[in-house]
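Report on the structure given below.
The values are calculated or read from the model by the stated rules, or taken from the named source; none is laboratory data. Every value quoted in this text rests on a predicted model; they were computed, and no experiment measured them. With ideal geometry, Cβ positions are generated from the backbone for all residues, glycine too; neighbour counts draw on all protein chains shown. Please note that ligands, DNA and RNA were not included when accessible areas were found on the heavy atoms of the full protein model with its side chains. Shrake-Rupley method; radii C 1.70, N 1.55, O 1.52, S 1.80 Å.
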Amino acid sequence: MSAPHNTPQVPKAPKVTEREARKVAEAAREQDWRKPSFAKELFLGRFRLDLIHPHPLPPPDDIRRGEEFLGRLRAFCEAHIDSARIEREAKIPDEVVNGLKELGALGMKIETKYGGLGLTQVYYNKALALVGSASPAIGALLSAHQSIGVPQPLKIFGTQEQQDAFLPRLATTDISAFLLTEPDVGSDPARLATTAVPDGNDYLLDGVKLWTTNGVVADLLVVMARVPASEGHPGGITAFVVEADAPGVTVEHRNAFMGLRGIENGVTRFHQVRVPAVNRIGPEGAGLKIALTTLNTGRLSLPAMCVGAGKWCLKIAREWSAVREQWGRPVAKHEAVGAKISFIAATTFALEAIVDLSSQMADEDRNDIRIEAALAKLYGSEMGWLIADELVQIRGGRGFETAESLAARGERAVPAEQMLRDMRINRIFEGSTEIMHLLIAREAVDAHLKVAGDIIDPEKALADKAKAGANAAGFYARWLPQLVTGAGQLPLTYGEFNPAGHRDLSGHLRYVERSSRKLARSTFYAMSRWQGRMETKQGFLGRIVDIGAELFAMSAACVRAEHLRGSGEHGREAYQLADAFCRQSRVRVEELFTRLWSNTDDLDRRVVDGVLSGTYTWLEEGVIDPSGEGPWIADATPGPSAEENRHRPVR
């Protein structure tokens, strides 16, 4: 055994170019498509309804076990969770966390052989929607623990020894956290500064991690760190399981936010933390791939909680709008307010359709759902935010007033403004909207880059470009003719979605099919026009993704409505909601198609250049900046901590 290195050379965060950063992200992607993908086909102009219809269903035993747990969880939430107290004290009481442990909530997704409940993705997400409606902070705690924390990467990539050692703890007593982000590193992991230097049979971990949800109370951490390349060590970004109470681990600060006030999110410093090599998940250099693969299904937890929020907003909108009168009528009867209520109801139906469909596909494992899960996260967070905002508007001044203030003056304590604050982070959590647009866009154009990528790559030789040109010619000769006509132009297609006595949804599916081909043609035209500059056209790519998200949502809503009709569960009402949603969605899609080519993107870039160069500083005059002093980004130089350790495990 080698002697410990007390003062290893810790490299600074690497300086990387934009191209180098893209290469790191590209290397972490799943390169192959071994299973079919509804969303991937949708972006290619192929509407594969057969991949999602009939709606897949869980086995009866999974339903029974899932429903039984939901019953116990509901009873616990109603009896023991005081959302107002969590908001007031900015802390989830220890007795609530311990009660959730006893209930088995830490092990919802962990197999029964390790002491978990072994719930399906469908029922795990239903549980998160339920508990998240009682307290979004608790929903975040359970989601961060199981969706992106230690259990999921161990389940997919861990050794049998690691699973045997850690999963029983994680299912019953130990809370976990996922540590990737750093003070100066967000969605650009190529610049990751935290290092894990090999030292005999161990690694020495040094660095600072920011926004560590659950990090303040966690018992086990999954940490992403850069291993320097050396003899016998290929190096690269690598994932490790780290004991949160190991010597050298310091939680230096518990962060406070505008919403989710009860989450235990902090800043964690590692100084010479000795991590056994047996705690490394996967090989060196596989950390980003592990993180991205974990998120493929892990991202579904966030839109699941958006569904719960939508259901609550609908309940409050219904109850309030029926009793609040304006000009002699309930406000719901006024068209301006009624349109908002219709949007909330229809969109909540669609969000639940997306999450349930994607979750069941994840359980069946017949399809590759990396795009579907990403679309669910993107669409759920954006539409969930709009739903919460519309509820505040419907409530008027009472929507802006806190629940505590409402109660103090004798009215029902409806936390609409808290919902708005809590929902805002969803557009940033687990990949911001802007990053999700780029991630999904990259997957959406994958087929094109596989056949034509070398043509637009400035580093490729002429021979490579010529070969790619020949391959591309063959691909497009087969593909482009398929985009001219399709089932969406035949008036009787998808006739099973036009049952007697119900709204006709078949026309919406024909619209999706036609729009899918139009979307693919638009993408091809843009690639032909911009070629290598396509990756810089983020406004265009974002709209392409948003159109795809709307088409996916329309498809899921129609399939869910038909499933509910077939099972006799509110079929007529479901058809009405799906019809309303699709009509609303089609308006958004048409606007997005127009904005693909008619927009202010070029002008916006020129204005941005002016802002950054100081051209418009005169416009900033006449105000006072109340911001405090200090650097924009905190110093994260590796070294021993000078702060009190705020780590607080819940026992």
request  = Pull out a ≥ b ≥ c, the square roots of the eigenvalues of the alpha-carbon gyration tensor of the stretch 100-222, then state rounded if a/c is under 1.5, prolate if not and a/b is larger than b/c, and oblate in the remaining case.
outcome  = oblate
ask   = Amide H to amide H under 5 Å from Trp211: which residues, 5+ apart in sequence or cross-chain, H placed 1.01 Å off N in plane?
value = Gly266
Taking the stretch 331-439 and dividing mean pair separation by its residue count, relative contact order in percent (alpha carbons under 8 Å, at least six apart) = 22
message = What's the magnitude of the charge dipole for the stretch 156-279 around its Cα centre, counting Lys and Arg as +1 and Asp and Glu as -1 at the beta-carbon? Answer in Debye, nearest 20.
response = 360
Solvent-accessible area per residue, Å², over the stretch 239-361 with all protein chains present [probe radius 1.4 Å] = 36
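When only Cα pairs under 8 Å and 6 or more residues apart are kept, what is the percent relative contact order across the chain?
17
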request  = Could you list which residues have their amide H under 5 Å from that of Ala244, counting only those 5 or more apart in sequence or on another chain, with H placed in the peptide plane?
outcome  = Leu220, Leu221
HN-Hα J in Hz across the stretch 151-161 - Karplus 6.51, -1.76, 1.60, θ = phi - 60°, x for Gly and Pro = x, 5, x, 5, 4, 8, 10, x, 6, 4, 5
query = If you take every DSSP beta bridge whose two residues both sit in the chain, what share of them, in percent to the nearest 5, is antiparallel?
reply = 85
key: Per residue value of the accessible surface for the stretch 433-567 (all protein chains in place, 1.4 Å probe), Å²   = 43
key: Candidate values (i) 25.6, 84; (ii) 29.2, 94; (iii) 28.4, 98, label of the one derived for Rg and Dmax of the Cα atoms in Å   = (i)
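Anything over 24 Å Cα to Cα? Flag those among Lys109/Lys450; Lys40/Lys460; Lys15/Lys209; Lys155/Lys450; Lys126/Lys315, in the order listed.
Values: Lys109/Lys450 35 Å; Lys40/Lys460 27 Å; Lys15/Lys209 19 Å; Lys155/Lys450 31 Å; Lys126/Lys315 17 Å.
Cα-Cα > 24 Å for Lys109/Lys450; Lys40/Lys460; Lys155/Lys450; rest within.
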Mean Cα-pair separation over length for the stretch 522-651, i.e. relative contact order, pairs under 8 Å, 6 or more apart, % = 19
request  = Provide the per-residue ³J(HN,Hα) series for the stretch 577-585, in order, calculated from phi with Karplus coefficients 6.51, -1.76, 1.60 and θ = phi - 60°, each as a whole number of Hz, with x at glycine and proline positions.
outcome  = 5, 5, 4, 4, 4, 4, 5, 5, 5
MRE, 222 nm, helices only [DSSP H, n ≥ 4, -39500 (n - 2.57), over the chain, to nearest 500] = -17000 deg cm²/dmol
Farthest toward positive dipole pole in the stretch 535-651 [+1 Lys/Arg, -1 Asp/Glu at C-beta], among Gly539, Ala561, Tyr616 = Ala561
task = Determine the sum of side-chain charges near Ile110: Lys and Arg each +1, Asp and Glu each -1, restricted to other residues whose C-beta is under 12 angstrom from that of Ile110.
result = +2
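With Cβ to Cβ distances under 14 Å as the rule, what net charge do the other residues near Ala286 carry (K, R +1; D, E -1)? All intermediate terms of the calculation are to be shown ahead of the outcome.
Values: positive: Arg29, Arg226, Arg280, Lys289; negative: Glu30, Glu284.
Here the charged neighbours net out to +2.
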task = Search the structure for amide H atoms under 5 Å from the amide H of Ile281, placed 1.01 Å from N in the peptide plane, and list their residues when 5 or more places away or on another chain.
result = Ala239, Phe240, Val241
message = Explain nothing, just compute: Karplus ³J(HN,Hα) = 6.51 cos²θ - 1.76 cosθ + 1.60, θ = phi - 60°, for every residue of the stretch 393-404 in order, whole Hz, x for Gly and Pro.
response = 5, 4, 6, x, x, 5, x, 8, 7, 6, 4, 4
request  = Would you work out the charge dipole size for the chain about its Cα centre, treating the Cβ of every Lys and Arg as +1 and the Cβ of every Asp and Glu as -1, and quote it to the nearest 20 debye?
outcome  = 1640
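On the protein heavy atoms, probe 1.4 angstrom, tell me the percent of accessible surface of the chain carried by carbon and sulfur.
Using a 1.4 Å probe with all protein chains present, the chain comes out at 55 percent carbon and sulfur.
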remark   = One would report the Cα pair-distance distribution of the stretch 570-622, bin width 10 Å, in %, as 20, 23, 18, 19, 13, 7
message = With the cut-off at 1.5 for a/c, could you classify the stretch 62-149 from its C-alpha gyration tensor as rounded, prolate or oblate?
response = prolate
Net charge of Cβ neighbours under 10 Å - reference Thr238; Lys, Arg +1; Asp, Glu -1 = +1
